[in-house]
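Quick notes on the structure that follows.
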Amino acid sequence: MKIGILNADKVRPELAHHFGEYPGMFGNLLLNIEPDIEIVVYDVISGVYPEMIDEVQGYIITGSKMSVYEQIGWIKQLGKFVQELHKKKKKLIGICFGHQLVAHFLGGKTQKSDKGWGIGIHESILTDSAKHYGIKGQNYNLVCSHQDQVVKPAPSSVILASSEFCPYSMLQIGDHFLTFQGHPEFNKDFSRSLLDLRKNDFEENTYQEGLDSLTKNTDAHEVGRWIVNFIKGNPTSHQL
């Protein structure tokens, strides 16, 4: 199975030498679940896209330091590609920026949260619509790193999970789009290093709470399994 990574950012140079770039992080996550997956990278910041939409089975949009509502050419181009994927019901996973981009370009709304930064490990609670992922009230933990949030999901979105900080932390549209505010590709060491690097961007208590939260376990592997199964078109058989 081929999965296309629509790469929307570069890792900070201070961290890239040790942790690699975002497509590599996704590769580590997904190949640990299914070793025969082939990762194809499209650098959408540079305008690189597949020649044919079906040359991979599904796509993943990475996170980004940019905001989806900024009037920047490559973001608009990526938004149009999302609209095309939606029209053709092609499988797409959106992560953080990708989660927000899907909402923004399909008729929802993303904006900077009045709650400030969401950092560290956040717990999301499954809704009763998340029957393929668990039962209502179960939780999953993922690393988060965002200021923007979806405040209005795109029409036809189903809310699969929400958190105290983020009411729309997992959304699905039809059987072809699945998006997460959290980062299953981030490990705790990378998150800790990123927090330390950006410490001056945060309020002291926000930074400390984010740092303290990294003692929790994440469910990144299980969420990665959800992603693989979703792209394959199989209802997940592995629940939390």
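Every read-out reported here was derived from the displayed coordinates using simple, explicitly stated rules and does not represent laboratory data. A quick note: this is a predicted structure, and the numbers were derived from the prediction, not measured. Quick reminder, even Gly has a Cβ in these numbers, built from the backbone with ideal geometry, and neighbours come from all protein chains shown.
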Problem - Burial ranking of peptide ranges 172-184, 4-16 (average Cβ count within 10 Å, highest at the top) - result: 172-184, 4-16
Handout entry: Candidates S129, S46, S213, ranked by Gaussian network fluctuation over the chain, Cα under 10 Å, top entry
Key = S46
Fill in the blank from the handout: In this structure, the FRET efficiency calculated for S113 and M1 from their beta-carbon separation, with R0 = 25 Å, to the nearest 0.05, is 0.10
Completion exercise
GluC sites (Glu not before Pro) in region 145-240 lying in a DSSP loop, each with at most 15 other Cβ atoms within 10 Å of its Cβ, come to E164, E203
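Can you tell me the length gained on complete extension of the stretch N234 to Q208, counting 0.36 nm per residue apart and subtracting the Cα distance?
Values: separation 26, 0.36 × 26 = 9.36 nm, distance 3.99 nm.
Length gained, N234 through Q208: 5.4 nm.
Does region 2-232 come out rounded, prolate or oblate, given a ≥ b ≥ c as the square roots of the eigenvalues of its C-alpha gyration tensor, rounded meaning a/c under 1.5 and, failing that, prolate meaning a/b above b/c?
Numbers: a/c = 1.30, a/b = 1.19, b/c = 1.09.
Rounded shape, in that the Cα axes give a/c under 1.5.
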Handout entry: Label point 7 Å beyond Cα of L15 along Cβ direction - residues of region 43-77 with amide nitrogen under 14 Å
Key = 63-66
Exercise for the section: Place a label point 7 angstrom from the Cα of K76 along the Cα-to-Cβ direction, then list the residues of region 84-101 whose backbone nitrogen is under 19 Å away. Expected result: 84-85, 101
Problem - Relative contact order of region 1-129, defined on C-alpha pairs under 8 angstrom at six or more residues apart (%) - result: 26
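Just to be sure I understand: of the beta bridges DSSP finds with both ends in the chain, what percent are antiparallel, rounded to 5? Walk me through the intermediate numbers first.
Numbers: 23 of 41 bridges.
In the chain, DSSP labels about 55 percent of beta bridges as antiparallel.
Say R0 is 22 Å: what FRET efficiency, to the nearest 0.05, do S193 and N32 get from their beta-carbon distance?
On the way: r = 21 Å, r/R0 = 0.94.
E between S193 and N32, to the nearest 0.05, is 0.60.
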Exercise for the section: Would you work out the relative contact order for region 2-232, in percent, from Cα pairs under 8 angstrom that are 6 or more residues apart? Expected result: 21
Problem - Proximal aspartates and glutamates to K65, defined as alpha-carbon separation beneath 20 angstrom and excluding residues fewer than eight positions away on the same chain - result: D9, E14, E21, D43, D114, D148, E185, D189, D196, D201, E203
Exercise for the section: Report, please, the projected area of region 107-240 averaged over directions, based on the convex hull of its C-alpha atoms, in nm². Expected result: 7.9
Completion exercise
Placing each pseudo-label 7 Å from Cα in the direction of the beta carbon, E84 and H132 end up separated by a distance in nanometres of 2.5
